[in-house]
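Here the structure is laid out as structure tokens; the discussion comes afterwards.
The values are calculated or read from the model by the stated rules, or taken from the named source; none is laboratory data. Quick caveat, the model's predicted, so the values are computed rather than measured. Counting neighbours? That spans all protein chains shown, and the Cβs are built from the backbone with ideal geometry, glycine included.
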């Protein structure tokens, strides 16, 4: 739950009870301006934001291991907590606005609290899993690298949430995805190359894989199909002790069976 503006702590404001998503954005905007909107499905916040909502509550969403940057204050609720919101909403009195019936429910969204994920490292739900669709003899993914909540450079002319009209600009943003994991591996590969300038790409890949640290299978049910050979270790990577090199012709022979 993040305030729309840095340092802002919103007071209790009315909750709009009608559902809102991008498909019905033009309808009944006047009912949602300055209110916290309840949505039954996941949204990037574009619809409520452009409708002038003060905040967003997404109920019925499966709690995940990563959240998005949104253009307005928001709260993500599990199915159980979402049902409690409904019970509270239905317990409030009814009023009429613009010829429609509304409940007089109110809510507050406060600044987020920072917590430490003591289970990390583990593979997030959105990360692709193996096995290799072409050959089960080749382990995929190769290895795992940090890619969730990475502090990364961000264009100062782009909205922090990526939604038009969001006037908050920053030089750095918190980003998740393969686009964040890839730079960690690429930089480590370049680091290996500085120690071993004559090594082939296959040799460098071998060094990355054989020096990776094992991960806990109890946190990753798919085990090696989730994290490959393990978690990238940039410190050990240049010193594998043993590498397995391979040339183009070796790949051809393998594919021919």
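I need the strands (runs of 3 or more DSSP E) fully contained in the stretch 1-95, keeping only those with at least 1 residues that are modelled with pLDDT of 55 or more.
It comes to 36-39, 55-58, 73-76.
Go through the stretch 69-80 residue by residue and tally those that are loosely packed, with under 15 Cβ neighbours inside 10 Å and either under 15 Å from the mean Cα position of the chain (by Cα) or farther than 26 Å from residue 163 by Cα (or both).
Going through the stretch 69-80 one residue at a time, the tally reaches 2.
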